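What follows is one structure encoded as structure tokens, with my remarks underneath.
The values are calculated or read from the model by the stated rules, or taken from the named source; none is laboratory data. Computed from a predicted structure; not experimentally measured. Note that each Cβ is placed from the backbone with ideal geometry, even for glycine, and that neighbours are counted across all protein chains shown.
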Amino acid sequence: MGSESNRGAQGRGRVQGKRMVFARRFTLAAVLVAVLASLAFDCGIGTPSSFGIGQFNLLCPLGGLEAMLASKAFIPVAAISAGVLLLFALVFGRAWCAWGCPAPVIRRFFKRDPKPAKPGTCASSCAACSGAKAALDVKASLAFLARDKRTWTLAAVLVCAIVAGLPLFCLVCPIGLTFGTVGSLWHLIVDKQMTASVLVFPAALAVELVLYRKWCMNLCPVAGLLGIFGQFAAKFRPRINADTCLRTSKGSACDVCAVACAEHIDLHAADVQQQLGMCTRCGECAKRCPTASITFE
């Protein structure tokens, strides 16, 4: 009965991973289609950087925070957007980075994913391996965030907004540049309007995402902001069946999950709970695990 139960769990893990990957790709495509529809039919819904339907409007939360700090004034729509982000990130962590952000798609298209780090020492008693829920270790989480370069980039971006009196990062944000490029190309092709943005936006994207392949892992302040709340997002995290995992059950040097993960999270590491604060819920680890030992809660 035990082996049958393990096989059943394995099947669920792989199916779940495949479904998550398909749903993620569908969502990314739907975002692009919505942006194109907004341009084609002049719907006015905008882009994820500035989105609205009727009287409901949201800004990029980081852009909103920058705007409030730069103007030293309370901006209701920016505060509401930050509140929506807080609720979303406390449940789904950094899911936006895999399910809505175009930057990883561009990076993968040009085959510029960062090389994986060597897997750490296996800690088979960790919560990810046993399926147990670990209590939040605030001290360890703060130490992990302090080591993350994106946390410091976020701090620098907010300080620069205060000093300059402008939301400077919005000028170079890959998310805004991507949708700006889409809009510029649309106006070039449909309206025959040639602007400098047709060249400037793609060039900036090439520098950030193609030439520097570790943008998402080292410098992205949006990831840094989401990662702070991600430390508290305990739901929808990957779990390992230690009875079937090659590393825990047979001692094999398997690192497929770490290689498949965009963040190269090592589910066997001693600090896995802090690493999972950066999990984007992409589902690739569950999909690619050779023994289908990974499931999402």
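Name every residue in the stretch 195-218 that is within 16 Å of GLY176 (Cα to Cα) and within 15 Å of the chain's Cα centre (by Cα), in order of residue number.
If the condition is that a residue be within 16 Å of GLY176 (Cα to Cα) and within 15 Å of the chain's Cα centre (by Cα), then LEU209, TRP215, CYS216 are the ones that fit.
Yes or no, residue by residue, for (1) of a type in the set (D, E, K, R); (2) touching a Gly at 6+ places or on another chain (Cβ under 7 Å):
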residue: GLY227; (1), (2): no, yes
residue: GLN231; (1), (2): no, yes
residue: CYS245; (1), (2): no, no
residue: ASP255; (1), (2): yes, no
residue: GLU263; (1), (2): yes, no
residue: THR280; (1), (2): no, no
residue: ILE294; (1), (2): no, yes
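Among residues belonging to the stretch 263-293 that are assigned to a loop (DSSP other than H, G, I, E, B) and of a type in the set (S, T, N, Q), point out the one that is surrounded by the most Cβ atoms within 10 Å (Cβ to Cβ).
Within the stretch 263-293, the match that is surrounded by the most Cβ atoms within 10 Å (Cβ to Cβ) is SER293.
I'd like the residue in the stretch 36-70 that is aliphatic (A, V, I, L, M) and in contact with a Phe, Trp or Tyr (Cβ under 6 Å, 6 or more places away or on another chain) and, out of all such residues, is nearest to CYS282 (Cα to Cα).
Top of the filtered list is LEU58.
Kindly indicate whether any position in the stretch 36-44 is surrounded by 18 or more Cβ atoms within 10 Å (Cβ to Cβ), closer than 22 Å to ALA98 by Cα and either hydrophobic (A, V, I, L, M, F, W, C) or touching a helix residue (DSSP H, G or I) at 6+ places or on another chain (Cβ under 7 Å) (or both).
For the stretch 36-44, residues surrounded by 18 or more Cβ atoms within 10 Å (Cβ to Cβ), closer than 22 Å to ALA98 by Cα and either hydrophobic (A, V, I, L, M, F, W, C) or touching a helix residue (DSSP H, G or I) at 6+ places or on another chain (Cβ under 7 Å) (or both): absent.
So which pairs qualify, if the first residue must be in the stretch 268-280 and over 12 Å from ALA95 (Cβ atoms), the second must be among the basic types (Lys, Arg) and outside any loop (DSSP other than H, G, I, E, B), the Cβ gap must be under 9 Å, and the two must be at least 6 apart or on different chains?
Once the first residue is over 12 Å from ALA95 (Cβ atoms) and sits in the stretch 268-280, its partners that are among the basic types (Lys, Arg) and outside any loop (DSSP other than H, G, I, E, B) give HIS268/ARG247.
Here's a check for you: in the stretch 17-50, which residue that is of a type in the set (Phe, Trp, Tyr) and within 19 Å of the chain's Cα centre (by Cα) is farthest from CYS261 (Cα to Cα)? If you could, list the steps in order and put the result at the bottom.
Quick first cut of the stretch 17-50, residues of a type in the set (Phe, Trp, Tyr) only: 22, 26, 41.
With within 19 Å of the chain's Cα centre (by Cα) added as a condition, the list becomes 22, 26.
Values: PHE22: 16, PHE26: 19 Å.
Out of the qualifying residues, it is PHE26.
Quick one: what pairs do we get from the stretch 167-196, first residue modelled with pLDDT under 90, second surrounded by fewer than 16 Cβ atoms within 10 Å (Cβ to Cβ) and polar (S, T, N, Q), C-beta under 7 Å, 6+ apart or different chains?
Between residues of the stretch 167-196 that are modelled with pLDDT under 90 and residues that are surrounded by fewer than 16 Cβ atoms within 10 Å (Cβ to Cβ) and polar (S, T, N, Q), the close pairs are HIS187/GLN193.
In the stretch 109-154, which residues are modelled with pLDDT under 70 and among the β-branched types (Val, Ile, Thr)?
Residue satisfying the conditions is THR121 alone.
Given the conditions (1) in contact with a Cys (Cβ under 8 Å, 6 or more places away or on another chain); (2) buried (at least 22 other Cβ atoms within 10 Å of the Cβ); (3) more than 26 Å from LYS149 (Cβ to Cβ), which single one is not true for ASN241?
The single condition ASN241 does not satisfy is (1).
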